[in-house]
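In what follows, a single structure is set out as structure tokens and then discussed.
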Amino acid sequence: SSGINAEWPLRPGATFELHIFVRIMTLLATILKRGHSGGREVTNAVKEVDELEREKEEALRPLTSGIMETGMDESGDYKRQVSNESLKDPQVQALSQQLKEWINDVLTDDHIVVKNLCEDLSDGQVLSALIESLAGAKIEHKEVAQSVASQKAKLTEVLNQINYHLQVADDGIKWNVDNIHNKYLVSVLHLLVALARHYGIQRRLPSFVKINVLQITKATQQTETISEQITGDEEREHYNFAARQQERDVFDTLFDSAPDKLNAVKGSLMAFANKQLSKIDKSCNNIEEDFANGVNLVIMMSLAEGYYVPLYSFSMEPEAYDHKLHNVTLALNLMQEAGIPRPKCTAESIVSKDLKSTLRVLYSIYLHLLQVQAPR
């Protein structure tokens, strides 16, 4: 023994690594102090330093054994890593594979091939291409980011776009810039499942997939295993989405079976829209173009419901894609608040000047006004 007394175990509240550090530094001080005199105590002190390093590695091994290199979530007061058991779970592997194949299908025209979900999505480049393809979003940060700071800046921009399109409440977002950049599998899967559900994935994802996560409290190094639910009843989700897609309406029939009547329908809805807009001295000439930025839709809803929409809540002269999308989303929300059934369309399809989607929205407003103005 070197004769140095270091208390063990840790005093309450002290971290394991700090305590080891203090013990090692004390021993090193002993070596410096007694080094010139030689002797067995110096040799023993050196051995104890080596022993402490091995002790540290051995003590920490339960925290990291069974964990593969899939990244860590270090946000807040905890460190979280996926257990090796979950990484080998056939359900987790099947979900990861399905999502990887889905991304590769979506990005076929971009010649992008994802091989490792966590690795390939961490810098924001693939996610940028994915949301651009799915939602028609425009990400200006095009260049490949090299430094960590530039990667996180790009990833921030991309995730802001994704969160905007998904319209997820803040408390429902289970991913952030740091844990996606750190390649944390749980957050990556949460993000991709949300995108796949929102935009529709042809594959049926595995149901009730759970991942066991080792959670380490930073202050005390105490550990516990928690379970993260990644998917729910995906068979029901898949069926509901497929059913919504298969529901045909009058506009599907119009486009497929009576295209010769299309101009007449467009003319009637154009006349209806102009009658409403004329109340504030506005007019429209082209259905696809004049409703794509959402301004006229917001105005028509305010006129239909008899209220004023504050100018700060939308853009009267939107140029950027995001501003147009915001306007259209606002109009669709106003329709929903007025009790109008949600048309079979998305805000993105309106901004993209999809004729069928635009006709559906105008027709829904028209039917609502007929009902409101009908004699009681």
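Let's see how each residue does on (1) more than 22 Å from the chain's Cα centre (by Cα); (2) among the aromatic types (Phe, Trp, Tyr); (3) open to solvent by 70 Å² or more (accessible area, probe 1.4 Å):
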{"residue": "Val309", "(1), (2), (3)": "yes, no, no"}
{"residue": "Ser315", "(1), (2), (3)": "yes, no, no"}
{"residue": "His323", "(1), (2), (3)": "no, no, yes"}
{"residue": "Gln336", "(1), (2), (3)": "yes, no, yes"}
{"residue": "Gly339", "(1), (2), (3)": "yes, no, no"}
{"residue": "Arg342", "(1), (2), (3)": "yes, no, yes"}
{"residue": "Cys345", "(1), (2), (3)": "no, no, no"}
{"residue": "Ile350", "(1), (2), (3)": "yes, no, no"}
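From the residues in the range 203-221 that are hydrophobic (A, V, I, L, M, F, W, C) and open to solvent by less than 40 Å² (accessible area, probe 1.4 Å), which one is farthest from Ser75 (Cα to Cα)?
Here is the first cut: in the range 203-221, the residues hydrophobic (A, V, I, L, M, F, W, C) are 205, 208-209, 211, 213-214, 216, 219.
Next cut, open to solvent by less than 40 Å² (accessible area, probe 1.4 Å) only: 205, 209, 211, 213-214, 216.
Values: Leu205: 28, Val209: 23, Ile211: 18, Val213: 14, Leu214: 14, Ile216: 11 Å.
Result: Leu205.
From the list Leu370, Leu359, pick out the single residue that is assigned to a helix (DSSP H, G or I) and open to solvent by less than 50 Å² (accessible area, probe 1.4 Å). Reasoning before the result, please.
On the way: Leu370 fails: open to solvent by less than 50 Å² (accessible area, probe 1.4 Å).
The conditions single out Leu359.
Given the conditions (1) farther than 21 Å from Leu367 by Cα; (2) in contact (Cβ under 8 Å) with a residue 24 or more places away in the chain; (3) more than 36 Å from the chain's Cα centre (by Cα), report the number of the one that Pro259 does not fulfil.
Looking at each condition in turn, Pro259 falls short on (2).
Determine whether Thr231 is assigned to a loop (DSSP other than H, G, I, E, B) and β-branched (Val, Ile, Thr). Break it down into steps so the answer makes sense when it comes.
Numbers: assigned to a loop (DSSP other than H, G, I, E, B): yes; β-branched (Val, Ile, Thr): yes.
Yes, satisfied.
Which of the numbered conditions does Glu228 fail, given that it passes all the others? Conditions: (1) of a type outside the set (Phe, Trp, Tyr); (2) open to solvent by 40 Å² or more (accessible area, probe 1.4 Å); (3) modelled with pLDDT under 85.
Among (1) of a type outside the set (Phe, Trp, Tyr); (2) open to solvent by 40 Å² or more (accessible area, probe 1.4 Å); (3) modelled with pLDDT under 85, Glu228 violates only (3).
Consider the range 305-352. How many of its residues are charged (D, E, K, R) and either touching a residue at least 40 places away in the same chain (Cβ under 8 Å) or not in a helix (DSSP H, G or I) (or both)? Give the steps one after another, and end with the answer.
We begin by selecting, within the range 305-352, every residue charged (D, E, K, R); these are 305, 317, 319, 322, 324, 337, 342, 344, 348.
Still in the running and either touching a residue at least 40 places away in the same chain (Cβ under 8 Å) or not in a helix (DSSP H, G or I) (or both): 317, 319, 322, 342, 344, 348.
The number of residues fulfilling the criteria is 6.
Provide a single number: the residues in the range 95-128 that are over 15 Å from Leu191 (Cα atoms) and open to solvent by less than 40 Å² (accessible area, probe 1.4 Å).
4
Only one of Leu325, Leu297, Leu332 is within 20 Å of Gln373 (Cα to Cα) and of a type in the set (A, V, I, L, M, F, W, C); which? Break it down stepwise before answering.
Working: Leu325 fails: within 20 Å of Gln373 (Cα to Cα); Leu332 fails: within 20 Å of Gln373 (Cα to Cα).
Leu297 is the lone residue from the list that is within 20 Å of Gln373 (Cα to Cα) and of a type in the set (A, V, I, L, M, F, W, C).
Out of the residues in the range 178-202 that are closer than 20 Å to Asp123 by Cα and more than 12 Å from the chain's Cα centre (by Cα), state the one that is surrounded by the fewest Cβ atoms within 10 Å (Cβ to Cβ).
Asp178
Select from the range 284-307 the residues that are within 24 Å of Asp322 (Cα to Cα) and open to solvent by 40 Å² or more (accessible area, probe 1.4 Å) and write down the one among them that is modelled with the lowest pLDDT.
Within the range 284-307, the first condition is being within 24 Å of Asp322 (Cα to Cα), and the residues that meet it are 284-302.
Now restrict to residues that are open to solvent by 40 Å² or more (accessible area, probe 1.4 Å): 285-286, 288-290, 293.
Details: Asn285: 91, Asn286: 91, Glu288: 87, Glu289: 91, Asp290: 93, Asn293: 93.
Taking the candidates together, the pick is Glu288.
The values are calculated or read from the model by the stated rules, or taken from the named source; none is laboratory data. Keep in mind the model is a prediction, meaning the values are calculated, not measured. Note that each Cβ is placed from the backbone with ideal geometry, even for glycine, and that neighbours are counted across all protein chains shown. Just so you know, the surface numbers come from the protein's heavy atoms only, side chains and all, with ligands and any DNA or RNA stripped out. Shrake-Rupley method; radii C 1.70, N 1.55, O 1.52, S 1.80 Å.
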